[in-house]
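Read the figures in this text as sums done on the coordinates, not as results from a lab. Small disclaimer: the values here were computed from a predicted structure and weren't measured. Neighbour counts are summed over all protein chains in view; Cβ atoms, including those assigned to glycine, are modelled from backbone coordinates with ideal geometry.
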Amino acid sequence: MDKTVSELLNNQINKEFYSAYLYLDIANYYDAKGLDGFANWYEIQAKEEQDHAMLFYRYMQNNDEPVKLLSIDQPDNAFSNLLDPLKVSLEHEKYVTALINAIYAAAQKVNDFRTIQFLDWFIKEQGEEEKNASDQITKMELYGGEARSLYMLNSELLTRAYAPPSLVL
C-alpha cells in the first residue's frame, strides 16, 4: 500500500475515535439538560464512530499495514444553547467527509482500487451523516423553542436503536 494512503488511513482511525469522544461529550451535555432522547441519539452516534474506527483498523490489519494508535484529543466545546451541539455535529461531519475524500483522492492517485472500494461505503455513510445532522438542526430551529414540540422531538430521538455497520471487509 502506498505510504501516503496508509498514513491517511491510520490517521482516520484516530479521527473516528475522536468523533466518538465528541459525540459522547454532546450526549453528556444533553443528558445534563434532561434530554434523554438527544443523549440517546448521540450515545448511539458515538458507538457508530467507534465502529468506523474499528473498520479502518481492521482494513489496515487485513492489508498487512502497521497500525499506530495515537492519543485522542479532548473535545473542547462550550455549548450555550440546545442548538449549539447540533451545529458542532454538522460541522464535524463535514470535516470527516473532507478527510475521507482526501484518502479517496490519494488512493485514486496511485490506483489503489481496493482502498477506493473500501472507502465507497464511507462516502455513502458520510452523506447520510451530514443529512441527519442537518435535519436535526432544521427540526430544532422549527420546533425546539416550544416545550411540547421539544418534548416530542426528544421522544422521537429516544427511539433510535443501535445497528452495527453493514460493511464487510
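The figures follow:
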read-out	value
Extension gain (nm, one decimal) between LYS47 and GLU7, 0.36 nm per residue minus Cα-Cα	12.0 nm
Per-residue ³J(HN,Hα) for segment 141-158, Karplus 6.51 cos²θ - 1.76 cosθ + 1.60, θ = phi - 60°, Hz, x for Gly and Pro	5, 6, 10, x, x, 10, 4, 5, 5, 4, 4, 5, 5, 4, 5, 4, 5, 5
Proximal lysines to LYS124, defined as alpha-carbon separation beneath 16 angstrom and excluding residues fewer than eight positions away on the same chain	LYS94
Computed over the chain, Kirkwood Rh from alpha-carbon pairs, angstrom	16.9 Å
Per-peptide average of other Cβ atoms within 10 Å, ordering 115-125, 154-164 highest first	115-125, 154-164
Net charge over other residues, Cβ less than 13 angstrom from the Cβ of LEU83 (K, R count +1; D, E count -1)	0
Footprinting exposure proxy for ASP84, ASP76 (fewest neighbouring C-beta atoms within 10 Å first)	ASP76, ASP84
Residue-by-residue Karplus 3J(HN,Hα) for segment 16-32, coefficients 6.51, -1.76, 1.60, Hz, glycine and proline x	5, 5, 4, 4, 4, 4, 4, 6, 5, 5, 5, 4, 4, 4, 5, 4, 5
Helical mean residue ellipticity (222 nm; -39500 (n - 2.57) per DSSP H run of 4+; nearest 500) of the chain	-26500 deg cm²/dmol
Cβ-placed point charges (K, R +1; D, E -1), dipole of the chain about Cα centre in debye, nearest 20	180 debye
